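J.: Encoded as structure tokens, here's the structure I'll be asking about.
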């Protein structure tokens, strides 16, 4: 169901589930001469996922692809569960909900293509990247202004943390809050507030995620 103000749904989010190909990646594959499939993933998305996990937001993945490299990277970021090689995602997601006791109304799911339709009707907030297929965009409450593999994952994580920190939803008609609330001002990303508390400070160097945004990340923070 499309909401009049989709930002309001971010208040209830307590966990994330993502597709991989077309969401965490740009959907393309580099095929080597030996037959390996290589994917490119955003370190900025990774930094956001790692911070979300440390703040107590579980992150899971359901993907039709299979890649030991992708699984290893996601494990390093704290992602769990990781369901790979899943062609029919709905039953797997519902079984996870049943066994974990999670409330699906508190889950944000982001996908980009037909296999994700199975899951999107069962979650509190269905989201997709800017380049998702039209059928997916039509049923999503939130469409990120960022493409797959180019910041859409970080966008929904940032938005969830920002809205829950501030305790209010942005006005979708406000020009300062269009898209991902990421209008560029003076060369830096818009941020409604910075949470400076003992909890966040304890997470250094992840604190830099809040302070530097898209201005560049030290190589020591690239996971």
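The values are calculated or read from the model by the stated rules, or taken from the named source; none is laboratory data. This one's a predicted model, so the numbers in the text were calculated from it and none came from an experiment. FYI the Cβ positions are ideal-geometry reconstructions off the backbone, even for glycines, and counts take in every protein chain you see.
J.: Please go through the stretch 135-173 and give me each residue that is surrounded by fewer than 17 Cβ atoms within 10 Å (Cβ to Cβ) and either within 21 Å of residue 116 (Cβ to Cβ) or at pLDDT 95 or above (or both), ordered by number.
T.: Result: 135, 137, 138, 139, 145.
J.: Next question, about the same structure. Residue check: is residue 56 modelled with pLDDT of 95 or more and in a strand (DSSP E or B)? Let's see the steps before the verdict.
T.: On the way: modelled with pLDDT of 95 or more: yes; in a strand (DSSP E or B): no.
Judged against the criteria, residue 56 is not a match.
J.: When the stretch 5-37 is examined, which residues are found to be free of Cβ contacts under 8 Å to residues at least 12 places away in the same chain and farther than 22 Å from residue 116 by Cα? Steps first, please.
T.: Of the residues in the stretch 5-37, the ones free of Cβ contacts under 8 Å to residues at least 12 places away in the same chain are 29-36.
Correct list: 30, 31, 32, 33, 34, 35, 36.
J.: Next question. Spot the failing condition for residue 85; the list is (1) buried (at least 16 other Cβ atoms within 10 Å of the Cβ); (2) outside any helix (DSSP H, G or I), and only one is missed.
T.: Of (1) buried (at least 16 other Cβ atoms within 10 Å of the Cβ); (2) outside any helix (DSSP H, G or I), only one is false for residue 85: (1).
J.: For the stretch 21-53, which positions are in contact with a strand residue (DSSP E or B) (Cβ under 7 Å, 6 or more places away or on another chain), part of a loop (DSSP other than H, G, I, E, B) and surrounded by 17 or more Cβ atoms within 10 Å (Cβ to Cβ)?
T.: Of the residues in the stretch 21-53, the ones in contact with a strand residue (DSSP E or B) (Cβ under 7 Å, 6 or more places away or on another chain) are 23-24, 29-32, 37-38, 49, 52-53.
Subsequent filtering for residues that are part of a loop (DSSP other than H, G, I, E, B) retains 23-24, 29, 32.
Listed by number, the residues that qualify are 23, 24.
J.: A further question follows. Tell me which residues, restricted to the stretch 59-82, are in a helix (DSSP H, G or I) and either surrounded by 14 or more Cβ atoms within 10 Å (Cβ to Cβ) or touching a strand residue (DSSP E or B) at 6+ places or on another chain (Cβ under 6 Å) (or both). Give the derivation first.
T.: Of all residues in the stretch 59-82, those in a helix (DSSP H, G or I) come to 68-76.
Once the filter is applied, which keeps residues that are in a helix (DSSP H, G or I) and either surrounded by 14 or more Cβ atoms within 10 Å (Cβ to Cβ) or touching a strand residue (DSSP E or B) at 6+ places or on another chain (Cβ under 6 Å) (or both), the stretch 59-82 yields 70, 71, 73, 74.
J.: Need the failing condition index for residue 98 against (1) crowded, with 16+ Cβ neighbours inside 10 Å; (2) farther than 22 Å from residue 149 by Cβ, just the number.
T.: (1)
J.: Follow-up. Answer with yes or no whether residue 116 is within 25 Å of residue 40 (Cβ to Cβ), out of contact with any helix residue (DSSP H, G or I) (no Cβ under 6 Å at 6 or more places or on another chain), at pLDDT 95 or above and part of a helix (DSSP H, G or I). Step through it out loud before you land on a result.
T.: Numbers: within 25 Å of residue 40 (Cβ to Cβ): yes; out of contact with any helix residue (DSSP H, G or I) (no Cβ under 6 Å at 6 or more places or on another chain): yes; at pLDDT 95 or above: yes; part of a helix (DSSP H, G or I): yes.
Yes, satisfied.
J.: Now for a different question. With the requirement that a residue be touching a strand residue (DSSP E or B) at 6+ places or on another chain (Cβ under 9 Å), over 16 Å from residue 15 (Cβ atoms) and not in a loop (DSSP other than H, G, I, E, B), what does the stretch 143-154 give you?
T.: 143, 152
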